[in-house]
Amino acid sequence: MLEIEYLPEPKLQFGSFFEHEDSKTGLAKFGPFGKNVAGLHPSAIKLGFVGTRETIAGAREWIEELRSPIESENRKTVGNSAKKQESPQSFFGAGILDDEPFQDESFVRVFKILNRDFIGFSSHTPFKCAFQVNDRWDRTLQPHEIKAKLEIEDKQKRIWELVNLFDDQIKSLAQIEPSPDIIILALTSQMVDEAHAVQVTGNFYLNLRRAIKARAMKWGIPIQLIQRNTILGKKGKGRKGPLQEKATRAWNFCTALYYKADGVPWRPTSFQQESCFVGIDFYVARELKDRLTMRSSVAQAFDYLGQGLVLRGDPFEWDEEKEGRSPHMTKEGARKLIRGTLDEYIRVKGSTPKRVVVHKSSRFWGSDHGDFNELEGFQEGIRSVFSKIEYDLVNIGQVGVKLFREGACPPLRGTYFRIGEEHHYLYTMGFIPRVHALNSTPILPSGLDFDKCTRRRISSERLEASHLHGVEACRIISCPSKSISASSGIRAFSATSAICF
């Protein structure tokens with residue numbers, strides 16, 4: 001049985017508690033939500049820079065440009081050309097463009113609704129926040145240092161040497177007073193081309209960006225990586241897909257930095273304040289003595305205000321040949337991880353959550369998988385905190401099932417459908433009727449496997465959570481863990497949860 005439902009575009013809340021479906025419109029009209037609550041709105045953000053003299057200068061020029069409005073490149077069309085009588089008048093009323101030659105302006109204007117002009121980031125715009133720079137927060141890398149690292153033949157070692165180079169400078173900035181609020185790492189084009197990522201094993205890659213971010217966690221200052229080509233508006237070597245135009249890059253960059261400086265740009269309107277959302281995923285990292293391990297990274301990290309932290313679990317061994325590529329935790333590992341997550345929630349919030357939602361990118365294994373009984377481990381860990389906590393365990397992943405609509409428009413963002421009682425799917429990207437345009441190409445929907453949950457509520461929350469992409473920033477808590485040596489065919493893993501409250 002196939003059941004299809006359209007979930008309306010969720011509303012977000014901004015300054016003056018203004019509500020709107022579009023984040024850019026809300027920010028342009030009333031500014032960030034953080035202005036409504038004391039302590040959630042920084043009036044200034046101190047920026048540090050690490051890079052070469054050239055890349056730092058380029059990053060500073062970009063910051064200066066962001067202080068002023070940037071007009072979007074709106075001279076593009078969306079969709080096929082329409083007849084004159086169906087275009088300008090249907091969207092804007094009769095007679096508006098009667099005296100002008102017809103150029104299919106409706107589609108040009110609709111595109112601008114989706115990709116609106118950037119308003120500028122300063123104390124004089126609705127953001128009511130300004131970037132601050134100072135030479136004492138700059139750390140310059142010498143070209144010969146970078147050249148020596150990039151000439152290392154072993155690509156894994158090459159990446160780790162670059163990570164060490166940046167880490168030393170991040171440490172230097174973190175230990176001065178006052179320290180910057182955010183450190184911008186201005187990468188050269190050569191770094192991106194020659195040390196972007198390398199395959200470690202199977203589907204797992206060592207990625208320069210992720211490795212730097214993971215290493216920098218211990219210094220307690222958020223970082224933002226930026227490429228020289230991105231500043232110049234050029235596509236880098238081997239880059240797939242189009243480069244975002246300048247106004248879009250400005251919106252994304254400023255919103256991300258505002259969030260990382262502990263500001264709240266917007267908040268979903270329907271999230272329960274007493275809910276704790278936890279995302280669990282796995283990634284390859286390096287342990288002591290160059291051993292490779294698996295650690296989880298943040299899949300989703302948000303609460304009703306979009307704030308959160310990360311809790312790192314203990315390493316565990318995983319036999320890929322025997323158990324498959326997707327790692328799973330043991331029953332005890334899952335129990336310990338979720339218990340530690342909820343204990344930290346209670347420590348910070350001072351109260352027990354009424355509801356816990358666990359998102360995971362692989363299925364929750366049960367008793368049929370022996371020691372890797374994650375299902376019971378998560379359930380026991382949650383009940384050990386408080387037996388009456390409501391919980392939802394949600395598996396999220398891309399699937400090969402597609403919907404097709406009649407006509408030229410693809411599936412709508414917010415299309416939810418299920419096949420039988422077991423299989424649930426949701427499009428978080430697709431066609432948006434309000435603006436008659438795409439927010440992104442809807443390649444495949446997300447598959448949602450639910451355990452003990454209300455499918456519509458989970459789907460609606462997932463749709464709202466998609467607004468938080470690009471502004472996720474989490475506080476990190478590292479838990480001590482024992483090193484586990486890897487034997488033939490077996491690698492050591494550990495899990496991390498993203499706790500949101």
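A count restricted to region 262-274 and to residues that are in contact (Cβ under 8 Å) with a residue 60 or more places away in the chain and open to solvent by 20 Å² or more (accessible area, probe 1.4 Å) stands at 6.
Based on what the data block shows, is residue 277 at pLDDT 80 or above and open to solvent by less than 20 Å² (accessible area, probe 1.4 Å)?
Working: at pLDDT 80 or above: yes; open to solvent by less than 20 Å² (accessible area, probe 1.4 Å): yes.
Taking the combined requirement at face value, the residue satisfies it.
Tell me, which helices (runs of 4 or more DSSP H) lie completely within region 312-387 with 1 or more residues that are within 26 Å of residue 271 (Cβ to Cβ) and either in contact (Cβ under 8 Å) with a residue 24 or more places away in the chain or of a type in the set (S, T, N, Q) (or both)? Working first, answer last.
Working: elements: 320-323, 331-349, 374-385.
Hits in region 312-387: 331-349, 374-385.
Does region 171-189 contain any residue that is over 20 Å from residue 58 (Cα atoms), of a type in the set (D, E, K, R) and part of a helix (DSSP H, G or I)? For region 171-189, residues over 20 Å from residue 58 (Cα atoms), of a type in the set (D, E, K, R) and part of a helix (DSSP H, G or I): present.
Across region 1-52, the number of residues qualifying as within 20 Å of the chain's Cα centre (by Cα), among the acidic types (Asp, Glu) and more than 30 Å from residue 420 (Cα to Cα) comes to 2. Residue count for region 201-220, restricted to those that are surrounded by fewer than 17 Cβ atoms within 10 Å (Cβ to Cβ) and in contact with a helix residue (DSSP H, G or I) (Cβ under 7 Å, 6 or more places away or on another chain): 2. For region 36-49, indicate whether the set of residues that are open to solvent by 40 Å² or more (accessible area, probe 1.4 Å), among the β-branched types (Val, Ile, Thr) and on the phi < 0 side of the Ramachandran plot is non-empty. Within region 36-49, one or more residues are open to solvent by 40 Å² or more (accessible area, probe 1.4 Å), among the β-branched types (Val, Ile, Thr) and on the phi < 0 side of the Ramachandran plot.
The values are calculated or read from the model by the stated rules, or taken from the named source; none is laboratory data. Since the structure is predicted, the reported quantities are computational estimates derived from the model, not experimental observations. Positions of Cβ are generated from backbone atoms using ideal geometry, with glycine treated the same way; all protein chains shown enter the neighbour counts. Heads up: the accessible areas ignore ligands, DNA and RNA and are worked out on the full protein's heavy atoms, side chains in. Shrake-Rupley method; radii C 1.70, N 1.55, O 1.52, S 1.80 Å.
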